[in-house]
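Here, each number is a calculation from the coordinates, and none is a lab measurement. Everything quoted here is computed from the prediction, not taken from an experiment. Here the Cβ positions follow ideal geometry from the backbone for every residue, glycine too, while neighbour counts run over all protein chains shown.
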Amino acid sequence: MSLYDTGAPSLCAAIAGTINRSDFARFDAVFADPTWRRALEKNASVLETLEHLTSVPAVDTAGRSALATKIASQQRFDVIQVRPAPGGYVVKVASAPDNFAPVESFLTTKQAEEALPQETLQAADQQGAATVTGVEAEPDPLVEQVAPITTFGLYKVLEKGSGKQVIGYVIPQLLDPRTGQMVPQALFVNGSQYAHQSAVVGSQVGLNFNLPADPNIRGLGAFYTSDGRSILVTVPFEVQNEITVEGKKYYAARTMDGQDVQLALVDLLKKPTMISDREIAIPKSFSFLRLDMPIQLEDGQGATAGMAPMKTAQASAYPTRCEIRAWGDLSCDLRGPVFDKVGSGEQSWVDGVFHLAAAGVPQNLAVELLAQSAEEGRALELFGLRPLSTPTETIKAASARGVLDALATQLPARQCLLKEAAALSDTASVDAVLALNFLNPENVHTFVAYIPELEETSARLANLVLASQLGLQRVPQQAAVNAMKAIEKVVTALKDLQTHAI
């Protein structure tokens, strides 16, 4: 193929006659080096030309980078970070907390949109970086002295019964528009779960007013407003549907004690007010806070496992401890047993958030902790995190346990095989571990046979969504909608699989 076919600049045309096959072979050898390859692929303007200059394509047949293909095919990464860059995004991925070896690559905007959720890209555009983690921290063995929550803030609390640690906003008092008074009811929300109970105990980890607002006023939720210094939240309402009476728009709703009311959004109103026996006026400036997935939290009415503080001498040596320092120039320092093997030392906030996410700290909390440390000028301690280890460390530990020897005769879950394979440095060994023929024509036929049952389940969920719209209060409407959409995606994928042979 001639260089003229690529539409290359005139300089390429001038030297075309001096290029022979040995020149192409040398370039192929250089381009096969992953370091050089990543550097070249970060420059989106040369990708098209590279496709004509090397036998190793710069992008695959679908027009994606190797990393984009892995993400789109749902290859498991425990932590993913996305940062905007000219012409696209820089994406960093890693397995965690074991086999921690981050890989960074540039994706064009199109590749990123195909490989990553839209909300992740939006968060990266708005915040400068979006970090998603699938690693869960353990409940702290060393927790600050918990107390009844009496002021609004971001708190660390425990789920009743399981003792699972959850983090979210707690509003200790709510406004009842029917009386115009604040009532001693606590509301916990974190965007996916909520708790509505008389009291909640926990320890504060931060303060901001970015509650998750929903433009669709429907289902169970509360109305709130904030000026960045204070917040006002109403008691929850079950909003059933939107109605029009004599040209005016209302929302038919029900209070938590079963009273039917009508909600009207009103301009220039400062505070929710009862304007008739069954009509409540809500200021248009208020936002709607949707409440899905109810849970129950510890309220201090009994002993709670894991809530008693340990001695400081024990704390300093605890293996899941880390120490965070941060400064106003957006640099930070991570220390402690969690980062002893990897991730320790001074770094940017963006890299610090990535390492904390790999250890089990979600981005919103990590940013709050860094900001708190920078503002207060002191180090913060966290406990219950997952210590990070490199692939080399994982291989040593696995060899000591005899895990690698046992893989030939014992078949653990597919996910575990992928994790162990990721720790092997030899390509042939990785292939040997994964070539266990989990997928074969018989297995695929079994999966495809599920289609009728899944379609029936989807239809039943559609009926459930309708029922929730018509007043079935105990079933969160959005949860039913999400379940229905998820099953429809599974059915579509299985039908597509049905048309292909393995």
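The 3J(HN,Hα) values that the Karplus relation (6.51, -1.76, 1.60; θ = phi - 60°) gives for the stretch 486-493 are, in residue order, 5, 5, 4, 5, 5, 4, 4, 5 Hz. Gly and Pro appear as x. For the stretch 213-230, 3J(HN,Hα) computed residue by residue from phi via the Karplus equation (6.51, -1.76, 1.60; θ = phi - 60°) reads 8, 10, x, 8, 7, 6, x, 7, x, 10, 10, 8, 9, 8, 9, x, 10, 9 Hz, glycine and proline entered as x. Between amide H atoms placed 1.01 Å from N, distances below 5 Å from LEU174 occur with VAL183, GLN185, all of them 5 or more places distant or on a separate chain.
The amide H of SER203, built 1.01 Å from its N in the peptide plane, has LYS156 as neighbours under 5 Å, considering only residues 5 or more places off or on other chains.
Taking the fewest neighbouring Cβ atoms within 10 Å as the starting point, the ordered list for ILE217, ILE282, ILE275 is ILE275, ILE217, ILE282. Put simply, the amide H of ALA101, placed in the peptide plane, has neighbours under 5 Å in SER95, leaving out anything fewer than 5 places away on its chain.
Which length gain, in nm to one decimal place, applies between ILE451 and SER230 when the Cα-Cα distance is subtracted from 0.36 nm times their residue separation? Show your work: numbers first, answer last.
Working: separation 221, 0.36 × 221 = 79.56 nm, distance 5.11 nm.
Extending this stretch completely gives an extra 74.4 nm.
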